[in-house]
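K.L.:
Pasting a structure below so you can have a look.
The values are calculated or read from the model by the stated rules, or taken from the named source; none is laboratory data. All values reported here derive from a predicted model rather than from experimental measurement. We place every Cβ from the backbone using ideal geometry, glycine too, and count neighbours over all the protein chains shown.
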Amino acid sequence: MWEALPMTILLPLPNIASMRSISFAAVAAVAAIGTLLVAGCGPASRQASLATATKPVPATVRTGTDTGTSRAVAVASASKLPIAFESDSQMKAEGNDGPSSSILRPTSCRLTGTTVTAAGKYTDRGVVPNVYDRYGDIVVLYVRAAPSAGYAEGMQLGASDVSQSPVVGGRASWQVSLSISRSVGVPARCVVAAQPTHDGQFAP
């Protein structure tokens with residue numbers, strides 16, 4: 001007598017052809033996505049990045065350069081002028097009968113805008129004879145233009161006022177300034193002199 005065989009359950013197997021078509025579709029989808037990603041990094045996007053990088057700098061950023069230029073112009077406007085002390089013959093020609101101006105040792109004269117400023121020290125290591133005190137001498141600054149017809153020494157454009165002129169020997173160094181109007185002329189050189197006021201300061 002034959003024994004009954006166990007029941008066999010048949011499971012449906014997937015269609016091999018269908019699986020292959022699904023795999024091909026997945027590969028195609030992945031390839032399409034890759035193409036899109038590559039296209040996004042292509043020349044067009046690089047051109048957009050370059051356009052952004054080379055975008056003109058706003059005008060407000062250039063303010064620093066303009067400020068630097070303004071400062072350079074301001075510094076250039078201060079010019080040096082030659083300076084000397086008045087000789088004894090020049091002093092006598094102008095009626096200056098005081099002690100010699102050779103006691104003065106000018107070191108600089110500058111024109112800044114319309115203001116001329118001269119500075120210097122004294123000869124003999126700052127030792128000033130008492131005669132300058134007795135005459136009440138002050139350091140006077142004369143500003144002259146360049147030599148011209150009839151003005152071998154240059155036309156005088158201005159002289160420092162008594163109130164602006166320091167006392168000779170009052171300190172180890174001296175400085176004197178005056179303002180020159182642009183309508184008068186162009187300063188070309190400076191001359192300083194020991195000008196007596198005949199107002200004795202430390203006379204015995």
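K.L.:
Can you say whether Gln175 is assigned by TED's automatic domain parsing to the domain that holds Gln90 and over 22 Å from Lys92 (Cα atoms), as far as the supplied structure shows? Walk me through how you get there before you give the answer.
P.N.:
Numbers: assigned by TED's automatic domain parsing to the domain that holds Gln90: yes; over 22 Å from Lys92 (Cα atoms): yes.
So Gln175 fits the description; yes.
K.L.:
Go through Gly154, Gly150 for me and flag whichever is over 23 Å from Pro99 (Cβ atoms), without any contact (Cβ under 8 Å) to a residue 60 or more places away in the chain and in contact with a Lys or Arg (Cβ under 6 Å, 6 or more places away or on another chain). Write out each step before concluding.
P.N.:
Working: Gly150 fails: in contact with a Lys or Arg (Cβ under 6 Å, 6 or more places away or on another chain).
On inspection, the qualifying residue turns out to be Gly154.
K.L.:
Among the listed residues Arg110, Arg105, which satisfies the condition of being farther than 20 Å from Ser181 by Cβ, among the charged types (D, E, K, R) and either under 35 Å from the mean Cα position of the chain (by Cα) or surrounded by fewer than 18 Cβ atoms within 10 Å (Cβ to Cβ) (or both)?
P.N.:
Values: Arg110 fails: farther than 20 Å from Ser181 by Cβ.
None of the others qualify; the one that does is Arg105.
K.L.:
Let me ask something additional. Under the condition of being part of a strand (DSSP E or B) and more than 33 Å from the chain's Cα centre (by Cα), which residue from segment 132-186 is surrounded by the most Cβ atoms within 10 Å (Cβ to Cβ)?
P.N.:
Ile138
K.L.:
Can you pull out the residues in segment 189-204 that are surrounded by 17 or more Cβ atoms within 10 Å (Cβ to Cβ) and aliphatic (A, V, I, L, M)?
P.N.:
The answer is Val191, Val192, Ala193, Ala194.
K.L.:
Can you tell me how many residues in segment 113-131 are buried (at least 19 other Cβ atoms within 10 Å of the Cβ) and either free of Cβ contacts under 8 Å to residues at least 24 places away in the same chain or in contact with a Cys (Cβ under 8 Å, 6 or more places away or on another chain) (or both)?
P.N.:
2
K.L.:
Another question about this same structure. Right, Asp124: closer than 19 Å to Gln195 by Cα and of a type outside the set (A, V, I, L, M, F, W, C) or not? Show your work before the answer.
P.N.:
Numbers: closer than 19 Å to Gln195 by Cα: no; of a type outside the set (A, V, I, L, M, F, W, C): yes.
Judged against the criteria, Asp124 is not a match.
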